[in-house]
1. Leaving ligands, DNA and RNA out of it, report the carbon-plus-sulfur percent of the accessible area of the stretch 79-136 at a 1.4 Å probe.
2. Skip the ligands, DNA and RNA, and give the accessible area per residue of the stretch 21-178 with a 1.4 Å probe, whole Å².
3. Over the C-alpha atoms of the stretch 78-178, what are the Rg and the largest Cα-to-Cα span, Dmax, in Å?
Amino acid sequence: LFAVHPAHVGVAMSLAYRTEILALFWVLAGTWWWFRGGEGTAGKRTVGVTVALALGLLCKESAVCALAPWAVIAWSSRDRRLRAPLLGCVAVVIGFVVWRVAALGGMTVATIPPLDNPLAHVPADQRVISAFSLVSLAAEHLLFPWSLSPDYSFDALRLPSTWTTASVVGLVLSAAWL
């Protein structure tokens with residue numbers, strides 16, 4: 001893909017996004033177990049779903065989002081056997097939260113270092129202006145990719161403090177997208 005357009009370099013370089021795919025796999029596996037896999041006994045269904053949710057959470061925290069649609073579908077169903085895995089899933093999520101707090105000392109990072117996110121310590125208006133500037137920069141790189149680089153080190157992209165032409169173009173592009 002990079003030979004066709006260098007904007008696709010992220011696909012070849014990034015291995016970190018596999019966690020999201022693995023989490024999705026386990027959520028889909030849990031969904032299958034919930035509605036088809038545990039035919040016959042509620043115990044099989046509960047074990048399959050809770051193990052799949054636990055594996056999904058170990059891959060990526062966003063797997064917890066599967067619990068809401070599962071609960072809505074299970075509670076709206078006339079089949080009471082579909083409600084059985086809910087208690088196991090809630091126990092897995094509580095266990096995950098306890099494990100995360102014990103491992104990290106909390107649910108969130110106390111402070112975000114400026115090297116990890118330069119926007120973490122700037123005023124809100126500068127964040128908005130920077131976001132629109134980056135939309136403009138992304139559109140420019142999509143149309144004219146010869147200046148594209150797979151490695152943008154810290155401070156390679158300047159954060160504007162006032163509205164610039166790039167910020168206004170980004171705002172117009174964002175509004176057009178909507």
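1. Values: 2620 of 3770 Å².
Here it works out to 70 percent.
2. Working: 10450 Å² over 158 residues.
On a per-residue basis, 66 Å².
3. Answer for the stretch 78-178, Rg first and Dmax second: 21.5, 59 Å.
The values are calculated or read from the model by the stated rules, or taken from the named source; none is laboratory data. Just so you know, these numbers come straight off a predicted model, no measurement behind them. Just so you know, the surface numbers come from the protein's heavy atoms only, side chains and all, with ligands and any DNA or RNA stripped out. Shrake-Rupley method; radii C 1.70, N 1.55, O 1.52, S 1.80 Å.
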